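K.L.:
Pasting a structure here, questions to come.
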Amino acid sequence: MTTTLRLRGGRVIDPTNGVDAELRDVHVRDGRIVALAPGEAATEEIDVSGCIVMAGGIDMHTHIGGGKVNLARLLMPELQRAGPNPIALPSNPLELASCGGCTPGTLATGYRYVEMGYTAAFEPAMMACNARHTHMEMGDTPILDHGAYVMLGNDELFLEMLSRGADFQHIRDYVGWTINAAKAMGVKVVNPGGISAFKFNQRKLDVDENHVHWQVTPRQVVHTLAKALCELGVPHPLHIHGSNLGVAGNIQSTLETINALEGLPAHLTHVQFHAYGTEGPKKFSSAALQLAEAVNAHANVSIDVGQIMFGQTVTASGDTMRQHAQAGLASPRKWIGADIECEAGCGVVPFRYRDQNFVNALQWAIGLEIFLLVNDPWRVVLTTDHPNGGPFTSYPHLIRLLMDRSFRAEQLAKLHPDVAANAALNSITRELSLYEIAIMTRAAPARLLGLKDRGHLGVGAAADIAVYREDADREAMFTTPAYVFKDGTLVARAGRITAVPVGGTHFVAPDYDRGIETLLRKHHAAQGGVNFDQLAIGHDELCGCCNGGRLLPAACFETTS
Amino acid sequence: MSALESSSGPAAAPWTCPFCPLLCDSFGVAAEAGGWALTGSECARARSGLSRFSSAAAPVAHPQIDGVDCDPEAAIAAAARLLTASRQPLFGGLGTDVTGARALYTLACRTGAIADPTGGTALFHGLRALQDRGAFTTTLAEVRTRADLIVCVGSLPSERYPEFLRRCGVGEGGTAQVVVLQPAAAPAMDSAIEGLEVVRFDGDLFDAVAMLAACVAKRAVGDAAGALGLLAARLHAARYAVLAYETAQLPAQGALIIEALNRIVSTLNQRSRAAALPLGGGDGASTVNAVFTWLSGLPLRTRAAPTGLEHEPLRFDANRLLADRAVDALLWIASFGTEPAPPITDLPRIVLGHPRFAAAVQGPATVFIPVSTPGIGSAGHLFRTDGSVLMPLRALRDDDGLPTVADVLKRLTQALQGAAA
């Protein structure tokens, strides 16, 4: 018999449907949100009075799986100890042993996200040549639905096509083919052209600077990819990790990158790392206001923040050029870099953010300023760029910083004195509401990814639900939801995992002209490392990689071309 | 979109050779009388691997308990009894693919086993160097298209990786110079390869790489550098230099050699471009390591001990544990057929292996379960030597009647749970 669950008496916050803290029941049947017919009764009921009911959280930018994440684990075994002792085994028989922290095992990643009320997470930097591995790791991340953005714009073929002025349609078809082959949810460009340029011994690449070999600029790369995705009808627009990450004065690059879009939609990721000025005695200043003004003025642009959190973490990035440049700051002093398959690269640099360090303290303030200065929460997603700014487990703390002005001031006062005294953050009084947090952590990411039945609690939506007990301490509230449901199954209760279903895989399958395969076949025969006929991941293989989880293809939008 | 589906027929897709970590996929395999013929390559390693399989008849192999044929259920039950009785099992060999490794991790958690592959010593040369200082590496396609100088440190890999030079683009229109850095005492190479140069050094490899590192860093070394000084100059002058090394050929404390090579790469990368290319991790070693690492957060040589997840890169060496009798049962996995035979020991042994290993698992307290080989009798995935590419393996045939390692391990885990319930 089909059961119908009623979550009774909670206050529902569902921004997608304009519902703000309304007292109403939520009904679940067969893994979906349903409306009961008049006179129909639920077969089960949970009293959630005194609770806030939201859709499950969606993290649209978190490094949870794939080559560089596993390299970070291999690099940092010392993080997987509790002082002199090993990390204790789980007391919950549903869990298998898995370390946590900033380089968690995939199993712990799933458990910890779900315990926090998140039900989906997206790996932002999947290399096409590493796509199977990435899907495998995500498939071994229990409970969470997942997907990934495939990296383009540093692969030699794309740059060569752009360089010789290849027909745009061919480039578009190549992008379409790559998304299909890698079973990706979107496309990410990392330091456009810069990863490749580093292989040619170029150490810096500004937005209008030529790649030393291919003689194309990041501006061209960004514009071409953004246009290709638009024409392919991929719901998530180009995901951009911009030029000059971490460099003082890089706000210029960020603003130029926005200009390069010429109105095309795009998502700028971990913008905190790209919003630095050169003012002040240390020639390092916040450009959060400039960035926020640009975002406010460009409705085609969305962002996620990449907030930093103080303490030890590991930065894992595809940006070999910048990671090599920053490797001297590694703490502890070791790092991994790689040039990969004429298509991408990676750099893994351990890092400790210190609150008494001027630059780190300012980075912290810049991230919060961005959150609070951008007007439209639908275009801001809450992230720490896990683990690069800090582990995802710090989200509840971050939420409190955004919602509680006095708590924020208290934390700011503890930082490096120049930052504590002078940060623009001091004068920002805005406190985000629960409604705005719900937008930034579930409704907006779902919308930005084109997930129509996720991130909200309307009838027909997937029953991914987080129920938080009201608490004035928002950190405590968001750390341990009372109940978490995944597709209608109770998966966590009061911080304890209660079921471990396999999550599903989101991907898109845009149409493209398959004539492009002739060119690709030729290219791979001449320069590749894998037989062309092995590159594409089929549905059956994807399902195996993902541990038998459901395949969740997202619809592309109609294009006019 | 159906066009991008992998084809379901095992023969239609390219075959990936599972017998070495280069995982070549551009050769043909044809069924011929009694076996498989390799086409498009003379690779001795692939031929030797294939020679252990018949193309026609299914292998006649039954599970055995104490050397006596039995049915699969009895074998699983016997294996479960041996593991249940063990206080500290060792999982060795680890010759399996991703799916096998996934299933093995669950069993390792349930039993508190220590897992260390054949070739664990070589694997940990690389891992310990990585854990201490990091690395900068490259991949085969990069080497093929970018390298203009490839220095093979200690040995020419072609002897053990016959397709190595071809995969690096050497002799295929590539322009890379290949230099082998080897001891003065090493025998001359059998067949001179066109363009291949040999730089010889006196003393041991530790001293040689230390000297090369000093020269590359432009430290004052007086007249001692000799040929190594010249090699350092060539490394500096190269557009993209690659230092290739075979982890299994390194002596004890080989991590120190790898660390020196990584230091050379790091120095070069301050002004020009260079990267390391480790060769090793075959027969499932690097694949199982990758899977355990992503699931748990820690690499192999880790156990789920009562106090927690313990990672001991030196103490949990399988050879040492067996020699010290620090373990009391052995689960050995060798599904490729190319691995060394399971170690001879009087400890209770469970072997999941290629049918050829049956003869090595006789006597009391033994269970042998023949399993299918990834890339021959079943599909699968293995990591290539450079770690970035997870290659799909297609089955050459799908009717060998043997279970996969994962099938057996899942049943074994269930049997243990049943016994515990």
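K.L.:
What list of ³J(HN,Hα) couplings, whole Hz, do you get for the stretch A:56-61 from phi and the Karplus terms 6.51, -1.76, 1.60, once you set θ to phi - 60° and write x for glycine and proline?
P.N.:
x, x, 10, 9, 8, 8
K.L.:
Based solely on its DSSP helices, what 222 nm [θ] is calculated for chain B when runs of n ≥ 4 H residues each add -39,500 (n - 2.57) and the sum is averaged over all residues, nearest 500 deg cm²/dmol?
P.N.:
Calculated at 222 nm, the ellipticity per residue is -9500 deg cm²/dmol.
K.L.:
Which cross-chain or sequence-distant (5 or more) residues have an amide H under 5 Å from the amide H of A:Y118, H modelled 1.01 Å from N in plane?
P.N.:
A:G57
K.L.:
For the residue pair A:T498 and A:Q356, what label-to-label distance in nm results when each label sits 7 Å from Cα along the Cα-to-beta-carbon direction?
P.N.:
Computed distance between label sites A:T498 and A:Q356 equals 4.6 nm.
K.L.:
If each DSSP helix of 4+ residues adds -39,500 (n - 2.57) and the sum is divided by the residues in chain A, what number results at 222 nm, nearest 500 deg cm²/dmol?
P.N.:
Numbers: 20 runs with 179 residues, N = 561.
Dividing the helical sum by the residues of chain A leaves -9000 deg cm²/dmol.
K.L.:
Also, quick follow-up: Can you list the lysines whose alpha carbon is less than 30 Å from that of A:K414, not counting same-chain residues fewer than 8 positions off?
P.N.:
Straight-line reach from A:K414, under 30 Å: A:K282, A:K283, A:K334.
K.L.:
If the only charges are +1 at each Lys and Arg Cβ and -1 at each Asp and Glu Cβ, what is the size of the charge dipole of chain B around the Cα centre, to the nearest 20 debye?
P.N.:
960 debye
K.L.:
Let me make sure I get this right: for the stretch A:129-185, a, b and c are the square roots of the gyration tensor eigenvalues over alpha carbons, sorted descending. Under 1.5 in a/c it's rounded, otherwise prolate if a/b > b/c, else oblate. Which is it?
P.N.:
Cα axes put the stretch A:129-185 in the prolate bin.
K.L.:
Using Cα pairs under 8 angstrom and six or more residues apart, how large is the relative contact order of chain A, in percent?
P.N.:
Reported as a whole number, the value is 21 percent.
K.L.:
Of the beta bridges DSSP finds with both residues in chain B, what % are antiparallel, to the nearest 5? Spell out each step's value before the answer.
P.N.:
Values: 17 of 59 bridges.
Once the DSSP bridges in chain B are tallied, antiparallel ones form about 30 percent.
K.L.:
Same structure, new question: Taking beta carbons within 10 Å but only from partner chains, what does the mean come to for residues B:140-147?
P.N.:
6
K.L.:
How much FRET efficiency would the formula 1/(1 + (r/R0)^6) give for A:D20 and B:A233, where r is the Cβ-Cβ distance and R0 is 56 Å, rounded to 0.05?
P.N.:
The pair A:D20/B:A233 has a calculated efficiency of 0.20.
K.L.:
So if a site counts as exposed when it's one of the GluC sites (Glu not before Pro), its DSSP state isn't H, G, I, E or B, and it has at most 15 other Cβ atoms within 10 Å, what's the longest stretch of chain B without one?
P.N.:
B:195-421
K.L.:
Express the relative contact order of the stretch B:329-421 as a whole percentage, based on alpha carbon pairs under 8 Å and six or more residues apart in sequence.
P.N.:
21 percent
K.L.:
For the stretch A:349-463, rounded, prolate or oblate, judged on the Cα gyration tensor with a ≥ b ≥ c (square roots of eigenvalues), a/c < 1.5 rounded, else prolate if a/b > b/c?
P.N.:
Because a/c hits 1.5 or more and a/b exceeds b/c, the stretch A:349-463 counts as prolate.
K.L.:
Which FRET efficiency, nearest 0.05, do A:Q169 and A:E293 yield, Cβ-Cβ r, R0 30 Å?
P.N.:
After rounding, the FRET efficiency stands at 0.25.
K.L.:
Tell me the relative contact order for chain B as a rounded percent, counting alpha carbon contacts under 8 Å between residues six or more apart.
P.N.:
26 percent
K.L.:
Treating only the Cβ of Lys, Arg, Asp and Glu as charged (+1, +1, -1, -1), what charge dipole size does the stretch B:14-104 show about its Cα centre? Round to the nearest 20 debye.
P.N.:
300 debye
K.L.:
Rounded, prolate or oblate: which fits the stretch B:124-279, taking a ≥ b ≥ c as square roots of the Cα gyration tensor eigenvalues, rounded meaning a/c under 1.5, else prolate when a/b beats b/c?
P.N.:
Verdict is rounded for the stretch B:124-279.
K.L.:
What's the average, rounded to a whole number, of partner chain beta-carbon atoms within 10 Å of each residue's beta-carbon in A:540-548?
P.N.:
Mean inter-chain Cβ contacts per residue within 10 Å come to 3.
K.L.:
List the lysines whose Cα sits under 20 Å from the Cα of B:K218, skipping any in the same chain fewer than 8 residues away.
P.N.:
In chain and number order, there are no partners.
K.L.:
Placing unit charges on C-beta atoms (Lys and Arg positive, Asp and Glu negative, everything else neutral), compute the dipole magnitude of the stretch A:55-497 about its Cα centre in debye, rounded to 20.
P.N.:
Charge dipole, the stretch A:55-497, about its Cα centre: 700 debye, nearest 20.
K.L.:
So, one more: Go ahead and run the numbers for FRET between B:D148 and B:S48, Cβ-Cβ distance against an R0 of 41 Å, rounding to 0.05.
P.N.:
On the way: r = 33 Å, r/R0 = 0.81.
Calculated value: 0.80.
K.L.:
Next up: Just checking the output field for A:341-350: average partner chain Cβ neighbours within 10 Å of each residue's Cβ?
P.N.:
4
K.L.:
Chymotrypsin sites (Phe, Trp or Tyr not before Pro) within the stretch A:216-310: which are DSSP loop residues with at most 12 other Cβ atoms inside 10 Å?
P.N.:
Details: sites: A:F273, A:Y276, A:F284, A:F310; in loops: A:F284, A:F310.
Qualifying residues, ordered by number: none.
K.L.:
Still on this model: Along the positive direction of the dipole of the stretch A:55-497 (beta-carbon charges: Lys, Arg +1; Asp, Glu -1; about the Cα centre), which of A:L255, A:Y174, A:Y276 reaches farthest?
P.N.:
Of A:L255, A:Y174, A:Y276, it is A:Y276.
K.L.:
Of all DSSP beta bridges in chain A, what percent run antiparallel (nearest 5)?
P.N.:
Given both bridge residues lie in chain A, the antiparallel proportion sits at roughly 55 percent.
K.L.:
How much of the DSSP beta bridge set in the stretch B:288-421 is antiparallel, as a percent to the nearest 5?
P.N.:
Around 40 percent of the beta bridges assigned by DSSP in the stretch B:288-421 are antiparallel ones.
K.L.:
Could you point to the residue in A:H523, A:A438, B:T139 farthest towards the positive end of the protein assembly as shown's charge dipole, with +1 and -1 charges on the Cβ of Lys/Arg and Asp/Glu respectively?
P.N.:
The Cα lying farthest towards the positive end belongs to B:T139.
Laboratory data are not the source of any read-out in this text; all were calculated from the coordinates shown. Quick caveat: nothing in here was measured; it's all calculated off a predicted structure. Cβ sites come from the backbone with ideal geometry, for glycine too, and all protein chains shown count toward neighbours.
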